[in-house]
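Inspection log for the structure reproduced underneath, given as structure tokens.
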Amino acid sequence: MTAMRTPYRFFALKRSVSVALLFLLVAALLPYTPAASAADEFQFEEITLQELQAGYANGDYTAEKVVQAYLDRIQTYEPNYNAFTTMNTKALEEAREVDRRRAAGETLGSLAGVPIVIKEAVDMAGFPSTMGWAPLSKEKGGIQLIPETDAPVVARLKEAGAIILGRTNIPTFSNSGTRATSSWDGDTYNAVDRKLVPGASSSGTAMAVSGNFAVLGIAEETGGSIQNPAAAQALVGIKPTFGLVPNAGVVPLGGSTRDVIGTHARTVHDAAAMLDVIAGYSHEDPKTVASIGNMPRNGYTSQLNQLALKGKRIGLYGKGWRDQELTPETQELYDRAVSELEKQGATVIPDPFAGTEFAEFVKASGSVGIESVIYDMEDYLERLGPSAEINSVQELMDKTGQKPSIFDRYKEDMPDPNSVADLSNFVKIRTKYLQIINDVMDFYDLDALVYPQMFKETPLLDSKDNIGATTVSEINIAGIPLVTVPGGYYKSGSPFAVAFIGKMWSEASLLGMAYDYEQSTKYRVAPVLLGK
């Protein structure tokens, strides 16, 4: 793969003057009919993974045709949404190779010919890693860092046959849960409504998937960066258990403690199918040894059925979890979601954390788990390979002449990044989090918690408001999984989302319940994008 900057370069055929005059003459003699819009011409809007795969199997589509259609759509709408930082100029070539292999009867991977996008924080060999930071953007006169190897998740997606269309925009160092304004490439806009924040830091991935620029996307989270964009743009997002998916080759904030790679999709099934590809042990990330024996035998789609909520016991949001009132309209939407869970046969338990002092402990503990950032960054830079312009934290600061904002926690002398981070306080706090969560779920025999993802509407992009999540940073510090599912819309048109939360390694069960809820409600509406 080679890289180029968006918008994607397309070449039009030159027409002679005589052909143009002939066209005008013929057109004048025909009855007038309105021209089809770009959206009307795009036949893959909201297509599911299963529908696309069936189309390939039946010979209805070729990968080349599908990828070209997505590239055409991107060309039309990308200028108004800025989802991408870099495009893969070999996407069509790779699609043709999938077609060749399919025609030859070769065995193909589970995502063969599926157009996807990758968050810019995740390394792709041969593509620049800017970290969203101007001093590392060649376009802004900075130093260009080119990783020698793919991150493990990217390697797995390529092996599965996915066609990576491009890399998606992030705020500087992925250090925002609300907007991408700090990116060297500027804001990404919300596919549902450009006036709304897109959610961050996986802003571009969420826009690309929600706006039908791709079928699936890789997102990444330290503190809400999978959940927030999914909720803000009416998507399904999977924030997995810490250690389930390798995060080697990913620009870190809490690489040793909190960072996780997850999926964005338009349906629960598609998100689960992508998780099947990227999850599991990798020798490149020793943390993933914990996933061994904790993955479902038949995969993450194995519990998807429309009876998954029947008989389940669900804990509801309350002050015992977080002392934060929901806005009146959020409460109405959440009450409706609770009724929908009950209609599917679930039993709900109000505020099971009441009396546990969980909310007080969370508030007193603060945001922990970023203590390892300088050590994790040293490992990340070293992994780029000897050909990279920068291979250490010291070189990063010396060659850019700047101290990254994520190192601001080190007020005086910075520690030696080759030493060992003191994570004793983090371990103590995570242990307490898990003790309380597990005790509550065991005491009430809960199968899941289901909360409103946000306690208020998604804020406006031009405001100073941040997204009001109900689960950040509780979920991230605890390291437990969460699945975001569209739950309707506010009167303003802003998306409302619900979050299914469970114990560590409970992704398959959560996805089953989320699927049942999704199929019984079907709230997602395809966004109408604004063209040039």
Only listed residue being over 23 Å from Val67 (Cα atoms), touching a residue at least 12 places away in the same chain (Cβ under 8 Å), touching a Lys or Arg at 6+ places or on another chain (Cβ under 8 Å) and open to solvent by less than 10 Å² (accessible area, probe 1.4 Å), chosen from Ile226, Ile238: Ile226
Cβ-Cβ under 8 Å pairs, at least 6 apart or on other chains, the stretch 256-273 side closer than 12 Å to Thr301 by Cα, far side open to solvent by less than 10 Å² (accessible area, probe 1.4 Å) and of a type in the set (Lys, Arg): none
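Would it be correct to say that Pro386 is at pLDDT 95 or above and surrounded by fewer than 12 Cβ atoms within 10 Å (Cβ to Cβ)?
Working: at pLDDT 95 or above: yes; surrounded by fewer than 12 Cβ atoms within 10 Å (Cβ to Cβ): yes.
For Pro386, the condition - at pLDDT 95 or above and surrounded by fewer than 12 Cβ atoms within 10 Å (Cβ to Cβ) - is met.
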Criterion violated by Val192 - all others in (1) of a type outside the set (D, E, K, R); (2) closer than 30 Å to Val368 by Cβ; (3) open to solvent by 10 Å² or more (accessible area, probe 1.4 Å) satisfied: (2)
Residue match in the stretch 410-419 (condition: assigned to a loop (DSSP other than H, G, I, E, B), modelled with pLDDT under 95 and aromatic (Phe, Trp, Tyr)): yes
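How about the stretch 40-141: which helices (runs of 4 or more DSSP H) wholly inside it have at least 3 residues that are among the β-branched types (Val, Ile, Thr), on the phi < 0 side of the Ramachandran plot and surrounded by fewer than 21 Cβ atoms within 10 Å (Cβ to Cβ)?
Working: elements: 49-58, 63-81, 91-103.
Hits in the stretch 40-141: none.
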The stretch 283-299, residues that are closer than 11 Å to Trp505 by Cα and either in contact (Cβ under 8 Å) with a residue 40 or more places away in the chain or buried (at least 20 other Cβ atoms within 10 Å of the Cβ) (or both): Ala290, Ser291, Asn294, Met295, Pro296
Residue in the stretch 503-519 that is surrounded by the most Cβ atoms within 10 Å (Cβ to Cβ), counting only those that are more than 23 Å from Gly293 (Cβ to Cβ) and more than 20 Å from the chain's Cα centre (by Cα): Tyr517
From the options Gly468, Gly479, Gly487, Gly493, residue that is open to solvent by 10 Å² or more (accessible area, probe 1.4 Å) and either of a type outside the set (D, E, K, R) or modelled with pLDDT of 95 or more (or both): Gly493
Residue tally, condition over 16 Å from Asp376 (Cβ atoms) and either open to solvent by 60 Å² or more (accessible area, probe 1.4 Å) or in a loop (DSSP other than H, G, I, E, B) (or both), over the stretch 396-407: 5
Count of residues meeting criterion [under 11 Å from Ile501 (Cβ atoms), touching a helix residue (DSSP H, G or I) at 6+ places or on another chain (Cβ under 7 Å) and assigned to a strand (DSSP E or B)] in the stretch 431-455: 2
Some residue of the stretch 113-126 being modelled with pLDDT of 95 or more, more than 20 Å from Gln68 (Cα to Cα), in contact with an Asp or Glu (Cβ under 8 Å, 6 or more places away or on another chain) and not aliphatic (A, V, I, L, M): yes
Answer residue from the stretch 334-365, given it is open to solvent by 20 Å² or more (accessible area, probe 1.4 Å), assigned to a loop (DSSP other than H, G, I, E, B) and among the small types (Gly, Ala, Ser) and is farthest from Phe426 (Cα to Cα) among those: Gly345
Qualifying residue in the stretch 438-451 (condition: hydrophobic (A, V, I, L, M, F, W, C) and closer than 23 Å to Thr178 by Cβ): no
Selected residue (criterion: nearest to the chain's Cα centre (by Cα)) from residues of the stretch 416-438 that are within 16 Å of Gly255 (Cβ to Cβ) and loosely packed, with under 14 Cβ neighbours inside 10 Å: Val427
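Could you grab me the full set of residues in the stretch 144-167 that are within 24 Å of Arg96 (Cβ to Cβ), among the β-branched types (Val, Ile, Thr) and within 15 Å of the chain's Cα centre (by Cα)? So that I can check it myself, show each step before the final result.
Restricting attention to the stretch 144-167, the residues satisfying the condition of being within 24 Å of Arg96 (Cβ to Cβ) are 150, 154-167.
Remaining after also requiring among the β-branched types (Val, Ile, Thr): 154, 163-164.
Within the stretch 144-167, Val154, Ile164 meet the criteria.
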The listed residue being surrounded by 18 or more Cβ atoms within 10 Å (Cβ to Cβ) and without any contact (Cβ under 8 Å) to a residue 40 or more places away in the chain, out of Gly320, Gly311, Gly280: Gly320
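The values are calculated or read from the model by the stated rules, or taken from the named source; none is laboratory data. Computed from a prediction, not measured in an experiment: that's the story for all the values here. Cβ sites come from the backbone with ideal geometry, for glycine too, and all protein chains shown count toward neighbours. To get the accessible areas, we keep the full protein, side chains included, count just its heavy atoms, and leave off ligands, DNA and RNA. Shrake-Rupley method; radii C 1.70, N 1.55, O 1.52, S 1.80 Å.
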